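Colleague: First the structure, which I've put down as structure tokens, then a few questions once you've had a look.
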Amino acid sequence: MNSNQKISILLTDEPLQIDKVLGLVQSDGAGAVDVFIGTVRNNTQQRTVEQLDFEAYDLMAIKEMEKLAVQACKQWPVEKIAIYHRKGTLYVGDIAVIIAVATPHRQAAFEACKFTIDTLKQTVPIWKKEVFNDGEVWVSAHP
């Protein structure tokens, strides 16, 4: 959690824990907590996925995730926000990303959470390689 105790950012090789992230955004002023959990699915474009490999430019990724959190806090009445992302090799069912946003009301929580995951996928330097049973491909994270 950063100095203002409002924003929590993590980029890690370790498994992400939903309960821990939810605990970080608990706030007496929050009437809503919206959570996005991105997991590894077993197929993409009709190909069987065996694993995903995430790589990141760590320092810049953390800086960009912090910028996203600050921007969300400016646009919505965010009580607390957490952005946690995995890197390394993940398998089907593993959690790749958790974003949790606590606000006084649900609409702001929904909007801030959606903004955060959508923008993260466009701007944060985290890259994904999909490994299939018949090959692999790096996926462009920034369309």
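Every number here is computed from the coordinates shown, using simple stated rules; none is lab data. Nothing here was measured: the structure is a model prediction, and the numbers come from that model. FYI the Cβ positions are ideal-geometry reconstructions off the backbone, even for glycines, and counts take in every protein chain you see.
Colleague: Output the Kirkwood hydrodynamic radius of the chain, Cα pairs only, in Å rounded to one decimal.
Modeller: Details: mean 1/r = 0.0646 Å⁻¹.
Mean inverse Cα-Cα distance, inverted, gives 15.5 Å.
Colleague: Continuing with this model, one more query. Using r as the Cβ-Cβ distance of residue 91 and residue 20, and R0 as 25 Å, what FRET efficiency do you calculate, to the nearest 0.05?
Modeller: Numbers: r = 21 Å, r/R0 = 0.82.
The computed FRET efficiency comes out at 0.75.
Colleague: Would you calculate a helix-derived [θ] at 222 nm for the chain, using -39,500 (n - 2.57) for each DSSP H run of n ≥ 4 and dividing by the full residue count, to the nearest 500? Let's see the in-between values first.
Modeller: Details: 3 runs with 43 residues, N = 143.
After summing the helix terms and dividing by residue count, I get -9500 deg cm²/dmol.
Colleague: Now for a different question. What FRET efficiency comes out for residue 110 versus residue 13 if R0 is 30 angstrom and r is the Cβ-Cβ distance? Round to the nearest 0.05.
Modeller: Details: r = 30 Å, r/R0 = 1.01.
The computed FRET efficiency comes out at 0.50.
Colleague: Let me ask something else. Could you give the size of the charge dipole of the chain about its Cα centre, using +1 on the Cβ of each K and R and -1 on the Cβ of each D and E, expressed in debye and rounded to the nearest 20?
Modeller: Values: 15 positive and 18 negative charges, 83 e Å.
Magnitude of the dipole: close to 400 debye.
Colleague: So, one more: When you count, for each residue, the other Cβ atoms within 10 Å and take the mean per peptide, how do 36-48, 92-104, 67-79 rank with the highest first?
Modeller: On the way: 36-48: 12.7, 92-104: 20.9, 67-79: 18.2.
The packing order, highest mean first, is 92-104, 67-79, 36-48.
Colleague: Taking the Cα atoms only, what angle lies between the long axis of helix 106-123 and the longest principal axis of the chain, rounded to 10 degrees?
Modeller: That helix lies at roughly 40 degrees to the long axis.
Colleague: Then there's this: Report, to one decimal in Å, the Kirkwood hydrodynamic radius for the stretch 94-143 based on all distinct Cα pairs. Each step should come with its number before you reach the end.
Modeller: Details: mean 1/r = 0.0772 Å⁻¹.
It works out to 12.9 Å.
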